Each structure stands twice: as C-alpha cells, then as structure tokens.
Amino acid sequence: MAAAAGAWLRGCAKLRRHMPAHLAPWRVCPRVFRSSKSELRPNLASDGLVCAPLQMFTEEEAMLKDMVAKFAQERVAPFVQKMDENAKMEDSIVQGLFEQGLMSIELGEEYGGTGASFFSIILAVEELAKVDPAVSLVCELQNTLTNKLFTTYGTEEQKRTYLPRVSKDTLGSFCLSEAGSGSDAFSLKTRAEKKGDYYIINGSKMWISLAEDAGVFFVMANTDPSLGYRGITCFIVDRNTEGLHVGKKEDKLGIRACSTCPVTFDNVKVPESSILGQVGQGYKYAIGMLNTGRIGIAAQMLGLAQGCFDRTVPYTKERVQFGKSIFDFQGMQHQIAQVATQLEAARLLTYNAARLAEAGRPAIKEASMAKFFTAEVATLTTSKCIEWMGGVGFTRNYPIEKYYRDCKIGTIYEGTSNIQLSTIAKFLAQEY
Amino acid sequence: MAALRVLVGVKRVIDFAVKVRVAPGGGGVQTQGVKHALNPFCEIALEEAVRLKEAGLAKEVIAASLGTKSSQETLRTALAVGADRAVLAEVGEGVATGPLEVATALAALVGRLQPQLVLLGKQAIDDDCNQTGQLLAAMLDWPQSRGMTGYIPPDGCEAPGLEGGPVHTGRLPVLTGPQGTFASRVELEDGAVRVQREVDGGLETLRLRLPAVLTADLRLNEPRYATLPNIMKAKKKPMEVIPAADLGVSGGSPRLKVLQVQEPPARAGGEKVENVETLVEKLRQSGRI
C-alpha cells in the first residue's frame, strides 16, 4: 500500500509542471513559493535602530506624554461636556495647545516648532483623545496635515510666511472632499482657471474639518479637467480672501466640538505663488499626506478607546450586584480581557506604523491596517463599555456615551474602512 | 539687588493619582512598575524658583535630589520646567533614605554650590514627614533655625539677644524660632526674604535674612506645565551625578525603620434605624457606649 502510494507520488512529482501549485501534494516537495513578502528578507536592525519593545519611549517622548496627560486632565476635561453640548470648541484649549508647543511638534525650531519626533505627535494625539477626541483631532490635523504639507512641499518663501503662523496661532484646514466626491476624491469638480499669473477658483467643498476657525485653507482644485486627476493642484488660500465663504457647520453625532463645514469658492482669485508644490501634482500630495494622517487617526481612535476603557473598569470594580462586584463575574472578566487584548493589539499596530514612518521605511500597508483596526476596536470597546456600565452608561451625565458617539467617525473619515481594506489588499496582491 | 542662586530640592514619589497597594509582606508599598512623578510640593517650590529667575531676581536655579538612578527622570522634568542644571546624589537600590539623609546631602551640596536661597516642598506625599526643610536649616544654622540668628527685627524694635529666649518688642512678637516653612507667599528684598506662612492661627509674615531655607505650601503658586520646547531643551542641560557617600550620606543603619504598612479596614455598610431607642440599643450592642 505504501509502495503504491510512493509510486503514485513520484508519478505526481514528474507531473509537477502540469499541476497547479495549490493542488501539489505537500509531500512531494517543500516548494518555496515565490513571494516578495518582506518577511522572508530579514529585517535587520542596522545601526541606529534599536530592537526595543514598542512601548518604550525616549525620555523626551515620555515627558511629553506626561505633560499632555496633565494638560488634558486639567485644562481640557472640565470643558468636555459643555463643548459637546454646544458643539463649540473652547478658545482657551486651542490657545493652550499652541502655547504648549503641541501644534508644531515636528516643525523645526527655526519655524517656531520643537523638532520632536513623529512618534511624539502620535503620543500627544493619543493622550488628548483619552479625554476628548475632538480636541485631539485639532492637534492631529495641524501636525500631520497642515504642518506636513508645508514642510514637505512648500517653497522657502511659503514656509517662511506660513509656518511661524501655524505654529503660533493659526489653524490650517484641508479642503478635498465635495458633495459629489468623498472616497472618489479625484473626481472633484472644483475648478481653478489660469488667468495670466493668477488663478480663479470656483466650486464648493463639503465636510471640511476645522473650517469654522481655520486661518489658512489648502484647496484642491482642478486646473485642467481634461487631464483628469492629473490636473488637481493644491492652492494655499487665506481665510480673508474675497469669495471664500465658510458655511454653517454640520450638526454631528460625534466629535461635535470640532467644526465641520461646507466651504464655497466664488471667483476666488489667488496668485500663482500660492500653489503648493507643482501644478497637477495635487493628487500625489493628497495621497502622501493621508498616509501619515491615517496613523494620526489611528492614534486618536486608540486614545478614545483607551480613555473609555479606563473610565469603565474602575466602575465595574465598584459596582456590586448579587453580593460581589460585577468585575468578579467570570463572564464580565472574559469580556473585559478580550477588549483589553484588542486594545493592546491596536496600540502595537499604531505604534509600529508610527515608528516605521519615523524611520522613513514604507508603511502604507501598516498605516492602513492601523487605522482600520483601531477604528474597529474603538467601536467595539465603546459599545462594550456602555453595556458594562449599565443604565449609567446610557445617560448623558456620564462621559461614556460620548465616546460611543465619537468613535463612529473613525471608520469614515481620512479614508473609509472599505478603502483601507482595499489598500491593504492591493499590497497583499503585490506580495504574493 | 544681587541675583541669587537658588537650590531646589525635588523628590521622586509615587504619582498622586496611582492607587497605592501594600507590598506583599506588609513592609511597605508596591513601587515596582508603579508610575512615579515629581512630588507636588517640590513642583510648587520649583515653580517659585523659576518665577524668581524670570523676574530677574535669581540668576540660576539648581534642582537637586537624593535617590536612585531613576531619580534622573524626575530631575529631567525639573530641567524641563525651568531649572538650569541638576544634581543627583545617587544611592544604590534598596538603600533606605529619610529626611535626615536628604538634609545631610543637601547641606553638603549647599556647601559646594553656595546658594543664597534653598526652596523645598513642605513634605513629600509618600511619607508626609515634613522634616527635611527644618533639619536642613538647623544643620546650616540658617533662618528657619531654632536660634535667633538671621532674624531681622521690624523697625523700631530692639534686636533680640543671642542668648535666646523671647524678647517682647513694640509691635511684632518675637518668636523663638522664625521658620520659613509652609510659605504661601515669598517676596525677595535686598539681602532678605519676606515670607508669608500659613500657620494654625492664620497667616504670619516674617522677614528672614538671606541665606535662608523655605518650604513651599500648597497655595504658594500654581505650577506650570513643561512646554514642549522646554522638554526638548532639557536634554542639553547639565546633570551631575554624585555618589551620596561623597556628600556624607552613610548607607548604613537607618535611624527610621518601617515596621508595617497595612490598608485601612474595609468600610462596612451603615444601617438605618427607625427611632432613637433602637439607635441607642444598637450602639450599646456594638459596644460603642
């Protein structure tokens, strides 16, 4: 019997060439399937890279984390409920963020920044999100979008003009989405017509974060629709430019303190010098920036979930039913442990993507995974936390329900979850 | 007025927000893996020193601490808040240190660094001793000392004799030991410091000749957050590490030994009664009356 089987296998081996790979019997040969997966190529830590656990930070990062935690607890926490109810950000908080240097974390000192690491941004965003995800978003957008756009693509002149402003007191706002183009961003209709040495911008943008208070806008407009997305160009437009109107802010489910408004451009005249980078390259900049933005949003969702979790577990240890604390019931313990594990996994995904980006290594897949996963974990965590808190979790007197409402945007903005999954799949397709 | 050099003592303690647990064995509390921070009263003292520097009244702020290697983190935080340099009197892990050891080390540092003002927190939140400032002043024989040295009498009063003992003067009663402890307001004058203290009877204002030791109370000021630019600058500021033995701190048998630490008894539920008679009955039953 064995001999016959052996003969059959050897026969198959001769036919190897004609058999599709996935049907090849495993005993025939340990085929090394060709793969471009980076795993197979050893990722060696070279000089300068340390093989330390992801939760180990540099001294400055640890001090920053402590400082932001304190700031969030003392200066932000008292206003959270009020800001959410009135859907209005407290001026003192935004001012405080600027004063503490939290809006110019990675910028060089010559522009008013502090020259800290990219990872520091992630830590700051996470700590702020533990208290209020809306405040965290302000910090995140300024650092990963506004500042990055200027430093990566701005001319010396533009950097000298705008960077000191955005590190001191000016909020930036990124205008890409329109009523008709969300995930399909490059089908945007806002038009920029060239007239000599200036452009006329016409169109309307929607879902623009921070628009209510921003001082400078990045407007993605198409200079030549016949080129399709290769006509998209990024313009820097000051708030008080004639023709720029910020509409009434949306009445949102969550992150209400952070304004989201439509912005219309009615024959807005901008000089050629206000183009960021090069004409027709806007689509590239958008993609590039959204990548680091993804890690930032992942950090926001992570902090949100952690903050919600941190406020729920002590309650479960205090609340006594049937003679013992509800934490002591094994059913509860298992649920809590599961959520804690998911949180830890989300944290490591985010930190790893951040460290990869900081080291200048490709991190698009990891960033997409981090953003997708943390948004899911945030939804799971906040939902479970409300259940564990019981009736108390359901009332607006307690902060838990706010986290539940805030988390939903994580699956939607800066690339919906479906887009993230498609991106991941694209990379996987290349790897195999 | 000459700009002063100010020495600020800081201590690394368990963060106030942490839920403290008794270590197994009952000999202390769990410190392994627990979040530590700068003692809040030391933060207040440091804030006062930095404010003096910003007002141009102090030229240098030196932060000093007695502790293990981990205290370097605390000193870095002090540098980030605004100190110019830091000194660590290092002891090995597990060496017991109390207020006497700290005061000894600080006294030696005072000898080396020659500050005109020493600012400390009134007490540490882990042992609540409230002794270091007083011990240090006594060792240095500076105001905030038990003797009359350095006490400047108010105008129109006789200078008290060095033999000690209370001397009654026209306006302010002269105390046997002017102390700059529990300071809730500090104002520098030429060669002296005016201190408002929170005492049991209310507020007391003293004028002490420099050099002096002051300990900060809660309402002295509101400490600042270390801004991110200062955190980044802190790395470049000098930090000196000196073995504590070089400063006269002997690691030998400590004078204080913690015998036992236990948690307070768990809170039992209360009980509601119908009327006064039942109340008295219950109280009698439980042996309270």
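The values are calculated or read from the model by the stated rules, or taken from the named source; none is laboratory data. The model shown is predicted, which means the values in this text are computed figures rather than measured ones. Reconstructed Cβ throughout: ideal geometry from the backbone, glycine too, with neighbour counts over all protein chains shown. Ligands, DNA and RNA are stripped out before the accessible areas are found, and what is left, the full protein with its side chains, is counted by its heavy atoms. Shrake-Rupley method; radii C 1.70, N 1.55, O 1.52, S 1.80 Å.
For this structure, a couple of remarks:
- Filter result for B:VAL199 (more than 14 Å from chain A (Cβ to nearest Cβ), of a type in the set (Val, Ile, Thr) and open to solvent by less than 40 Å² (accessible area, probe 1.4 Å)): no
- Condition check for A:ALA286: open to solvent by 10 Å² or more (accessible area, probe 1.4 Å) and either in a helix (DSSP H, G or I) or on the phi < 0 side of the Ramachandran plot (or both): no
- Strands (runs of 3 or more DSSP E) lying entirely in the stretch B:189-239 (those with 1 or more residues that are in contact with a helix residue (DSSP H, G or I) (Cβ under 6 Å, 6 or more places away or on another chain) and either at pLDDT below 85 or not hydroxyl-bearing (Ser, Thr, Tyr) (or both)): B:212-216
- Segments classed as helices (runs of 4 or more DSSP H), wholly inside the stretch A:322-432, with at least 3 members that are within 22 Å of A:ALA257 (Cα to Cα): A:364-389, A:400-407
- You will find that of B:ALA49, B:ALA80, B:ALA137, B:ALA55, the residue that is hydrophobic (A, V, I, L, M, F, W, C) and farther than 23 Å from B:THR227 by Cβ is B:ALA137 and no other.
- The set of residues from the stretch B:42-64 being open to solvent by less than 10 Å² (accessible area, probe 1.4 Å) and assigned to a strand (DSSP E or B) comprises B:ALA58, B:VAL61, B:ILE62, B:ALA63, B:ALA64.
- Scan of the stretch A:314-351 for residues that are closer than 30 Å to A:ILE295 by Cβ and either among the basic types (Lys, Arg) or surrounded by fewer than 17 Cβ atoms within 10 Å (Cβ to Cβ) (or both), ordered by number: A:PRO314, A:GLN335, A:ALA337, A:GLN338, A:ALA340, A:THR341, A:GLU344, A:ALA345, A:ARG347, A:LEU348
- A:ALA134 open to solvent by less than 10 Å² (accessible area, probe 1.4 Å), of a type in the set (Gly, Ala, Ser) and more than 10 Å from chain B (Cβ to nearest Cβ): yes
- Look at the stretch A:61-87: where a residue is within 9 Å of chain B (Cβ to nearest Cβ) and closer than 19 Å to B:PRO40 by Cβ and a partner is open to solvent by 40 Å² or more (accessible area, probe 1.4 Å) and assigned to a helix (DSSP H, G or I), sitting 6+ places away or on another chain with Cβ atoms under 7 Å, you get A:MET63/B:THR77.
- Boolean, B:GLU93 is free of Cβ contacts under 8 Å to residues at least 60 places away in the same chain and farther than 22 Å from B:ALA226 by Cα: yes
- Residues that are free of Cβ contacts under 8 Å to residues at least 24 places away in the same chain and closer than 27 Å to A:GLN142 by Cβ, drawn from the stretch A:176-229: A:SER181, A:ASP184
- Within the stretch A:352-365, the set of residues being without any contact (Cβ under 8 Å) to a residue 60 or more places away in the chain and open to solvent by 50 Å² or more (accessible area, probe 1.4 Å) comprises A:GLY360, A:ARG361, A:PRO362.
- Test: residue in the stretch A:302-311 that is over 30 Å from A:VAL339 (Cβ atoms), outside any loop (DSSP other than H, G, I, E, B) and of a type in the set (Asp, Glu): no
- Of all residues in the stretch B:211-252 being facing chain A (nearest Cβ under 10 Å) and open to solvent by less than 20 Å² (accessible area, probe 1.4 Å), the one that is nearest to B:GLU101 (Cα to Cα): B:ALA234
- Checked across the stretch A:161-170, the condition of being under 16 Å from A:TYR413 (Cβ atoms), away from every other protein chain (no Cβ under 14 Å), in a loop (DSSP other than H, G, I, E, B) and open to solvent by less than 20 Å² (accessible area, probe 1.4 Å) holds for no residue.
- Residue-level analysis places A:GLY108 outside the set of residues that are within 13 Å of chain B (Cβ to nearest Cβ), surrounded by fewer than 22 Cβ atoms within 10 Å (Cβ to Cβ) and at positive phi.
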